[in-house]
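See below for the structure under consideration.
The values are calculated or read from the model by the stated rules, or taken from the named source; none is laboratory data. These numbers were taken from a predicted model, which means no experiment stands behind them. With ideal geometry, Cβ positions are generated from the backbone for all residues, glycine too; neighbour counts draw on all protein chains shown. Accessible surface areas use protein heavy atoms only, side chains included; no ligands, DNA or RNA. Shrake-Rupley method; radii C 1.70, N 1.55, O 1.52, S 1.80 Å.
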Amino acid sequence: MKRSLRFVELPRFGGPVLIGILLVALAMPAASQPRFDWKQAQGTEIRVLALRAWFTDHFKERLPEFERLTGIKVIFEDYPEDALRQKLAVEMAARNRAIDLFHTGTSFEGRRFFTSGWYADLNPLIRDPSATSPDWDSSDFFDSVWAAQRFGDLQVSVPLQAVTQVLFYRKDLFEAAGVRPPGTLDELEEAARRLHQPPAVYGFTSRGRRTQAPYSWAHFLYAHGGSWLSPEGGAGIASPAAVSATARYARILRSFGDPGVADNGPIEVQTLFAQGRAAMILDAASWAGVFDNPDRSRVVGKWAVSAAPRGLAGVTYELWAWSMAISPFSQKKRAAWLFLQWATSKEMQRPLQVRGFPMPRNSLWADPEWRAKVEPSWLHTVLLQFRTAKPIGHPPVVAAAEVIDAVGTAISRTLAGGDPKAELDAAARTMNALLR
Amino acid sequence: MSERGAPWLFILPAFFFLVAVVAFPVLYTVAISLTRWSAAVTEPPTWIGLANYADMATASPEFRNALLVSIYFTGVSVAIEIVLGIALAQLLNRDFVGKGLVRTLLLLPVAGTPVAFALVWRNMYNPSYGIMNWFMEQAGLPHQRWLAGISTVIPSLILFDVWQWTPLVMLITLAAMEALPTDPYEAAVIDGAGPVELFRHITLPLIRPAVFAVMALRLMDSFKTFDQIYVTTQGGPGTASQTLILYVFDQAFRYLKIGYASAVIIVLFLMILASNLAVVYLRRAAA
């Protein structure tokens, strides 16, 4: 009894001493190593061409902290997605030195920017200990997301966020109808049929607009065993697998989708699900925050997530990420790199993760406090998909915009009643002419 | 300085200004249209003569589609706007209580921001949650796909355009009507003319110059309609509402084919010129 008492009392006296020793030990390496110099580019002004998005708002809000830390002034110019791409292309073609950093979707415009020489290589900066803070830790990013930022030997960008497509479904409707969440595309079609109660609730809806449809359709393409390119390097989008994938995509949406599907962009798909008008959607995992927000959603607490369904050829989770890159024409690459590190640090990405936007750093997914609060099906599905996702390219060709438009036209026209084979043949002709 | 030289000297600044802001850009565009030039590749433009124009004429079904869509959209919407605008002006060309208010309200579509209106119309047309299908339901008519249907998208865009631009036609023709002398009407009434005769034989011939002017204006504008279509449909579904100007936009700013896009814009320029010459010809023929 006495012995055990003494044992219990030990921490009371030993604790503070132990903590003191630990603190000294922790401080030692920091004292012996020169501290990272955040002020090395003090007095510089840098300009960022940015996407108008939640992460940009976050950066802008916290900008005073960065300016205090580094003494660098940052000017943000933000545009919607299409306008940003046009602005970037024009500025880069003109080799404008006034742009230091820009947001980029490497899966989409990466190959064009890489072949045109519009990305600065970040490797020399990452490897230089005087330029890169030891806290930044590039090994913390998911391998799949990091791989999407590399072309050849070049490290062209750092991810700001990451997204795969997950199946959002209404668990209340599924339970009421006695339907299990679908694991395969056949089951998806069957579930859509059983839950389709137009015009109150549509079974399944998705993107159908020319520029947007290929994003959602690509999942069906891979699950049917198709790919953008043929093994010989030509257009693969009119292969039997691609035709059957397109026929299935159109069949499900024409039978169980909303009547406006041929013109649906992301906003429409999101609105239909948030308003409780769609039983299932297959779209960006980052929408969880919207569906959980009572100001914007009527389905708070009524939805769950499962992995994007398999097809006969298995399943491929495609990765999409918005990233930040440095312009090769910038004269202030050091200052730009300091901003990029700060913007993609754990401290800056954590608040976004907490708000329900999936972030590309492993460490943020491990936080037990946060894990206890999020929808468990979302957490497990997104984590699983992130670990196995592939940055295929959307599509993996230089002339991405032209190919997306050609394929998107074919999908959109099939959704409006066209023949998938004929439409895809026409798109493949356009694509082959571009690849030549 | 001689008396004969002075006037020329006075117009010189205006002349140089016009050369700088009008002639130079047009000629430069013509020059670019004769090259192969991709902004994405770091090669200088190469001279290819009329190959871009030949591509348009022979190889490009998308160009033909865009040309037809443009003519369909502009032809129908301008025709409706002119007829409806004149009818509205005739209706408002009298004294009644609240005339000023009605006129102001009718002008709202012209005064607003096209992009904001386009977003509103896009939501109104949504087949699942838009108000247009609700109206159809109240009227006992079947639901439509509106912007999401290949055959309904252009009529839907025309309705939007008519809503936005008819008031402008109304305003200009109304101004012309209000400036008309009253004597011919008094004489005609004494001769026993009814309202239809008055409109057909007096009002219409007298306001004809204003009608042709507004027609020329609308034709020019309508061929170049960009924001409304881009925001509502982006040229879709497929390419069903891709007008020439949207086609040019994709070629230039999304595919970065500057040479080819310049060639298409020259064709569009010539089309607008031709349509305006046609209006001038009609006006002379009618006079």
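When the residues of the stretch A:208-229 are filtered to those that are open to solvent by 20 Å² or more (accessible area, probe 1.4 Å) and within 11 Å of A:Ser412 (Cα to Cα), which remaining residue is farthest from the other protein chains (Cβ to nearest Cβ)? Of everything passing the filter in the stretch A:208-229, A:Gln212 is farthest from the other protein chains (Cβ to nearest Cβ). Screening the stretch A:407-424 for residues that are part of a helix (DSSP H, G or I) and open to solvent by 50 Å² or more (accessible area, probe 1.4 Å) and picking the one that is nearest to A:Ala250 (Cα to Cα) gives A:Arg413. Each residue in the stretch A:275-298 was checked for being closer than 12 Å to A:Thr205 by Cβ and among the small types (Gly, Ala, Ser), and 2 of them qualify. Helices (runs of 4 or more DSSP H) fully within the stretch A:187-280 that include at least 3 residues being in contact with a Leu (Cβ under 8 Å, 6 or more places away or on another chain): A:213-223, A:240-256. Put simply, of A:Gly236, A:Gly311, A:Gly301 the only residue that is crowded, with 22+ Cβ neighbours inside 10 Å and either within 19 Å of A:Trp378 (Cα to Cα) or not β-branched (Val, Ile, Thr) (or both) is A:Gly311. Taking the stretch A:268-315 as the range and being hydroxyl-bearing (Ser, Thr, Tyr) and within 14 Å of chain B (Cβ to nearest Cβ) as the test, only A:Thr271 passes. For the stretch A:93-106, filtered to residues that are buried (at least 23 other Cβ atoms within 10 Å of the Cβ) and not β-branched (Val, Ile, Thr), the residue that is farthest from A:Val156 (Cα to Cα) is A:Asp100.
Of all residues in the stretch B:207-235, those being closer than 22 Å to B:Ile265 by Cβ and within 14 Å of another protein chain (Cβ to nearest Cβ) number 8.
Scanning the stretch B:116-127 for residues that are within 11 Å of chain A (Cβ to nearest Cβ) and either on the phi > 0 side of the Ramachandran plot or open to solvent by 20 Å² or more (accessible area, probe 1.4 Å) (or both) yields B:Leu119, B:Arg122, B:Asn123. For first residues located in the stretch B:132-154 and within 11 Å of chain A (Cβ to nearest Cβ) and surrounded by 12 or more Cβ atoms within 10 Å (Cβ to Cβ), partners that are assigned to a loop (DSSP other than H, G, I, E, B) and of a type in the set (Lys, Arg) and lie 6+ apart or on another chain with Cβ distances below 6 Å form the pairs B:Thr152/B:Arg145. Counting only helices (runs of 4 or more DSSP H) that fall entirely inside the stretch A:302-386 and contain at least 3 residues that are within 22 Å of A:Pro134 (Cβ to Cβ) and assigned by TED's automatic domain parsing to the domain that holds A:Glu91, the qualifying elements are A:333-343, A:346-354. Within the stretch A:375-406, if we keep just the residues that are within 11 Å of chain B (Cβ to nearest Cβ) and among the charged types (D, E, K, R), the residue that is surrounded by the most Cβ atoms within 10 Å (Cβ to Cβ) turns out to be A:Asp405.
The set of residues from the stretch B:107-122 being part of a helix (DSSP H, G or I) and of a type in the set (Ser, Thr, Tyr) is empty. Can you pull out the residues in the stretch A:86-103 that are within 14 Å of chain B (Cβ to nearest Cβ), outside any loop (DSSP other than H, G, I, E, B) and closer than 20 Å to A:Asp121 by Cα? Those that are within 14 Å of chain B (Cβ to nearest Cβ), outside any loop (DSSP other than H, G, I, E, B) and closer than 20 Å to A:Asp121 by Cα: A:Leu88, A:Ala89, A:Glu91, A:Met92, A:Ala93. Return the residue satisfying two criteria in turn: it lies in the stretch B:243-270 and is farther than 21 Å from A:Leu435 by Cβ and among the aromatic types (Phe, Trp, Tyr), and of such residues it is farthest from the other protein chains (Cβ to nearest Cβ). Taking the candidates together, the pick is B:Phe269. When B:Gly85 is tested against (1) away from every other protein chain (no Cβ under 14 Å); (2) closer than 22 Å to B:Leu246 by Cβ; (3) small (Gly, Ala, Ser), only condition (2) is not met. Residue count for the stretch A:164-194 under the criterion of being within 24 Å of B:Asn126 (Cβ to Cβ) and either touching an Asp or Glu at 6+ places or on another chain (Cβ under 8 Å) or open to solvent by 10 Å² or more (accessible area, probe 1.4 Å) (or both): the result is 6. With respect to the conditions (1) buried (at least 21 other Cβ atoms within 10 Å of the Cβ); (2) not hydroxyl-bearing (Ser, Thr, Tyr); (3) not in a helix (DSSP H, G or I), B:Leu174 falls short on a single one, namely (3).
Against the definition (of a type in the set (Gly, Ala, Ser), farther than 26 Å from A:Asp405 by Cβ and open to solvent by 10 Å² or more (accessible area, probe 1.4 Å)), how does B:Ala240 come out, yes or no? When the stated conditions are applied, B:Ala240 does not pass them.
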